[in-house]
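Worksheet: one structure, shown below.
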Amino acid sequence: MSSYSPPLEEHNFVLNHVAGLEELSKLNGYQHADPATVSTIVEEAGRFFAEVMEPLNRTGDEQGSTLDNDGQVHTPEGFGEAYQKLVESGWPRAHLSPDWGGGGLPYTVGVVIQEMFKTANMAFSLAGMLTQGAVEAISTHGSDELKKRYLEKLTAGEWTGTMNLTEPEAGSDVGALRTKAVRQDDGTYRIFGTKIFITWGDQDITENIIHLVLARTEDAPPGTRGISMFLVPKYVLDANGEPGERNDYQIVSLEHKLGIHASPTCVVSFGDQGDGAVGYLIGDELEGMRNMFTMMNGARIGVGMEGLALSERAFQHALAYARERVQGRPVGASSKESVAIVAHPDVRRMLLTMKANTEAMRCLLYVTARSGDLMLHAETEEVREAESKRLALLTPIVKAWMTDLGVEMTSLGIQVHGGMGYVEETGAAQYFRDARIAPIYEGTNGIQAMDLVLRKLPLDNGAVVEALITEMTEVLGPMSEHDDLTTFRDQLTTAIQGLADTSSWLGARLAAGEIDHALAGATPYLAQFGTVLGGWLMAVSAVAAKSGPAEFSKGFLDQKVITARFYGEHLLPRANGLIETIEGGNGLLAAADL
Ligand SMILES: Cc1cc2nc3c(=O)[nH]c(=O)nc-3n(C[C@H](O)[C@H](O)[C@H](O)COP(=O)(O)OP(=O)(O)OC[C@H]3O[C@@H](n4cnc5c(N)ncnc54)[C@H](O)[C@@H]3O)c2cc1C
């Protein structure tokens with residue numbers, strides 16, 4: 001019973017009435033992305049991912065990727081053919097730079113396409129996400145020679161990219177990595193070392209794979225300052241730029257995982273068979289961490305998107321089940337007829353919680369992507385700089401708030417199914433298993449919360465957070481014109497004030513050097529921040545829906561307001577419930593005998 005129906009009205013509503021697509025499409029370079037064109041693009045992309053990628057989601061989970069005795073990874077049945085269709089469709093490159101064959105669409109439209117891929121088939125989508133990250137890192141930091149030899153194929157998706165940071169002793173602490181890079185006379189390097197958990201580290205669907213590897217040159221200082229980034233192709237390119245000799249690294253094993261079985265997660269051993277794997281320096285030596293962040297920031301948003309994608313998928317699945325499953329009678333009903341469980345208030349609560357959180361996450365994702373577009377294309381330097389800081393602030397929240405919610409919402413999806421959710425036959429369990437990785441990789445959610453408190457909250461002495469909070473209050477005026485939004489408005493006013501208070505409290509702890517007290521509250525602060533952002537953007541949605549844009553059906557707009565009000569009246573109040581936890585400090589954590 002698994003299926004995926006792209007919510008096209010919803011995508012278009014958020015793009016146009018929350019993320020301001022029309023305004024974006026007036027910017028230099030984006031004129032071809034007017035709302036009517038984008039609406040057609042979204043529809044076509046939705047059809048492609050639902051028809052080509054979704055049918056492989058279940059079989060991919062059941063079969064998983066495998067490693068043969070020759071160290072070659074094999075993807076599940078149908079993946080190779082579907083990937084060729086993906087490359088031909090052009091969807092992976094739709095928003096990438098036209099300089100290397102991309103379609104040049106705004107990132108805000110690119111995230112809609114990526115969201116659809118992830119909703120249809122998260123495990124498969126990771127190949128594309130990491131390839132895009134490689135394109136970003138090479139085009140920002142690589143030499144002209146590297147760009148010329150690699151970017152066209154990567155942009156088109158004809159080759160895939162990977163990201164190699166993690167080692168057995170270097171997880172969150174990337175600075176502990178030991179992989180070595182030895183300089184050669186010809187300007188290349190030889191790479192030696194073992195990486196673990198490398199997503200799509202090998203596959204059989206493209207003729208080459210381009211690994212971006214973090215390693216340490218021989219005389220490099222310890223820690224993150226001593227890291228450089230290298231491009232290591234599976235097949236070293238010949239003089240014509242074609243894949244030639246097999247590079248010196250092996251896939252030692254595949255990790256056995258809770259979910260995303262179709263995504264091969266590899267242990268890779270570089271240079272254990274010979275002279276070392278040939279690597280090409282990206283940027284300068286010792287700039288590896290900075291370069292990797294170019295790749296990781298995009299990937300963090302991509303991973304945050306997984307929380308949204310799987311929540312959407314789990315919601316659609318749970319709703320379909322709840323409409324069919326007949327069980328029990330409404331309390332107090334005169335009829336003795338049993339009803340579908342969707343009639344029971346508690347099941348409706350679960351479903352509406354899933355729907356409202358999903359819509360809130362979508363709003364946050366598109367608004368964050370808009371900052372990415374404005375950072376590059378806004379007319380004035382002042383706006384570009386402000387949006388760059390806004391993007392930096394929102395990135396850890398998108399990553400962590402949305403992926404934690406993804407686990408919670410897919411778990412609710414199982415709950416709606418009762419026992420049938422806990423068995424594998426219905427497919428609800430797969431979403432939960434797949435969702436569980438997202439709070440872990442690309443920097444655990446704990447690390448994201450530390451980033452929010454230690455680096456993003458102090459940006460411009462707190463002015464970046466303050467500007468966002470001030471902007472949130474601007475929706476309160478328009479809300480007061482609608483009587484049925486009064487309770488939501490009151491809740492939002494209180495929640496925004498709560499966020500301002502905890503931001504000041506944390507800022508004061510940092511200023512006083514009480515870092516442990518601030519860090520003890522980091523994760524609940526991030527949850528509060530995400531919840532309030534969701535409230536703000538659902539309020540923007542409600543006000544926009546009430547203005548009755550003609551391109552949407554009345555039924556859709558009425559439901560938009562109901563869902564937004566549910567978020568504001570039932571979910572948003574939880575944000576202030578976190579204040580005492582945030583401000584509880586480190587005392588008990590330090591005192592506990594752990
Ligand atoms: C399926 C999968 C795919 C992956 N794909 C890739 C990939 O493609 N490329 C790649 O390089 N890596 C990849 N990874 C690795 C992933 O990024 C790491 O697992 C992750 O960064 C956490 O590192 P760790 O597993 O070593 O956990 P640890 O760093 O050991 O963390 C364990 C716990 O301690 C906490 N912690 C650690 N340090 C601190 C601290 N200083 N302060 C507070 N809390 C802390 C963490 O938040 C976590 O809860 C993948 C992992 C998995 C499981």
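The values are calculated or read from the model by the stated rules, or taken from the named source; none is laboratory data. From a predicted model like this one, the values you see are computed outputs, not experimental measurements. When we count neighbours, we look across all protein chains shown, and the Cβ atoms used for this are built from the backbone with ideal geometry, even at glycine. Calculation scope for accessible area: heavy atoms of the full protein, side chains included, ligands and nucleic acids excluded. Shrake-Rupley method; radii C 1.70, N 1.55, O 1.52, S 1.80 Å.
Details
- Here L177 passes the criteria (1) within 7 Å of the ligand (Cβ to nearest atom); (2) over 16 Å from A127 (Cα atoms); (3) touching a residue at least 12 places away in the same chain (Cβ under 8 Å); (4) touching a Ser or Thr at 6+ places or on another chain (Cβ under 9 Å) except the one numbered (1).
- Unmet requirement for A215, which otherwise passes all of (1) within 13 Å of the ligand (Cβ to nearest atom); (2) at pLDDT below 95: (2)
- Flag for E466 being farther than 14 Å from L310 by Cβ, in a loop (DSSP other than H, G, I, E, B) and more than 16 Å from the ligand (Cβ to nearest atom): no
- Test for E255: is it touching a residue at least 40 places away in the same chain (Cβ under 8 Å), in contact with a Cys (Cβ under 8 Å, 6 or more places away or on another chain) and open to solvent by 30 Å² or more (accessible area, probe 1.4 Å): yes
- In the range 60-81, the residues that are surrounded by 14 or more Cβ atoms within 10 Å (Cβ to Cβ) and part of a helix (DSSP H, G or I): G60, D61, Q63, F79, G80
- With respect to being more than 18 Å from the chain's Cα centre (by Cα), open to solvent by 40 Å² or more (accessible area, probe 1.4 Å) and in contact (Cβ under 8 Å) with a residue 60 or more places away in the chain, L352 fits the description.
- Of all residues in the range 258-280, those that are within 16 Å of the ligand (Cβ to nearest atom), assigned to a loop (DSSP other than H, G, I, E, B) and surrounded by 14 or more Cβ atoms within 10 Å (Cβ to Cβ) total 6.
- Test result for K85, over 13 Å from E152 (Cα atoms), in contact with a Leu (Cβ under 8 Å, 6 or more places away or on another chain) and basic (K, R): no
- Candidates T162, T194, T155, T179, filtered to the one that is over 24 Å from P439 (Cβ atoms), out of contact with any Pro (no Cβ under 9 Å at 6 or more places or on another chain) and of a type in the set (V, I, T): T179
- Scanning the range 435-453 for residues that are of a type in the set (A, V, I, L, M), in contact (Cβ under 8 Å) with a residue 40 or more places away in the chain and farther than 12 Å from T523 by Cα returns A435, I437, A438.
- For G328, the test of being open to solvent by less than 50 Å² (accessible area, probe 1.4 Å), of a type outside the set (S, T, Y), free of Cβ contacts under 8 Å to residues at least 24 places away in the same chain and in a loop (DSSP other than H, G, I, E, B) is passed.
- Reported count of residues in the range 100-110, each being open to solvent by 10 Å² or more (accessible area, probe 1.4 Å), more than 21 Å from L212 (Cβ to Cβ) and assigned to a helix (DSSP H, G or I), is 0.
- The listed residues are G584, G521, G555, G513, and the only one of them that is touching a helix residue (DSSP H, G or I) at 6+ places or on another chain (Cβ under 6 Å) and of a type in the set (G, A, S) turns out to be G521.
- Cβ pairs under 8 Å, 6+ apart, first in the range 544-556 and closer than 16 Å to H11 by Cα, second outside any helix (DSSP H, G or I): A544/V18; A545/F552
- Which numbered condition A564 fails, given (1) open to solvent by less than 20 Å² (accessible area, probe 1.4 Å); (2) in a helix (DSSP H, G or I); (3) out of contact with any Phe, Trp or Tyr (no Cβ under 8 Å at 6 or more places or on another chain); (4) touching a residue at least 24 places away in the same chain (Cβ under 8 Å): (3)
- Set side by side, the residues V87, V112 differ, and just one is of a type in the set (V, I, T), touching a His at 6+ places or on another chain (Cβ under 8 Å) and in contact (Cβ under 8 Å) with a residue 12 or more places away in the chain, which is V112.
- Number of positions in the range 4-40 that are open to solvent by 30 Å² or more (accessible area, probe 1.4 Å), among the polar types (S, T, N, Q) and in contact with a Pro (Cβ under 9 Å, 6 or more places away or on another chain): 1
- Restricting the range 196-212 to residues that are within 9 Å of the ligand (Cβ to nearest atom) and among the β-branched types (V, I, T), the residue that is nearest to the chain's Cα centre (by Cα) is T199.
- Close pairs from the range 261-283: first polar (S, T, N, Q), partner within 14 Å of the ligand (Cβ to nearest atom) and not in a loop (DSSP other than H, G, I, E, B), Cβ under 7 Å, at least 6 apart: S263/A123; S263/L126; S263/T199; T265/F197; T265/I198; T265/T199; T265/L254; S269/T194
- Any hit, the range 292-299, residues being more than 14 Å from the ligand (Cβ to nearest atom) and surrounded by fewer than 22 Cβ atoms within 10 Å (Cβ to Cβ): yes
- Meets criteria (aliphatic (A, V, I, L, M), in contact (Cβ under 8 Å) with a residue 12 or more places away in the chain and open to solvent by 10 Å² or more (accessible area, probe 1.4 Å)) for L510: yes
- Hits in the range 403-462 - residues which are farther than 18 Å from S3 by Cα, away from the ligand (no atom under 16 Å from the Cβ) and in a loop (DSSP other than H, G, I, E, B): G418, L457, P458
- Top-ranked residue of the range 414-463 - restricted to ones that are on the phi > 0 side of the Ramachandran plot and within 16 Å of the chain's Cα centre (by Cα), ranked as surrounded by the most Cβ atoms within 10 Å (Cβ to Cβ): E442
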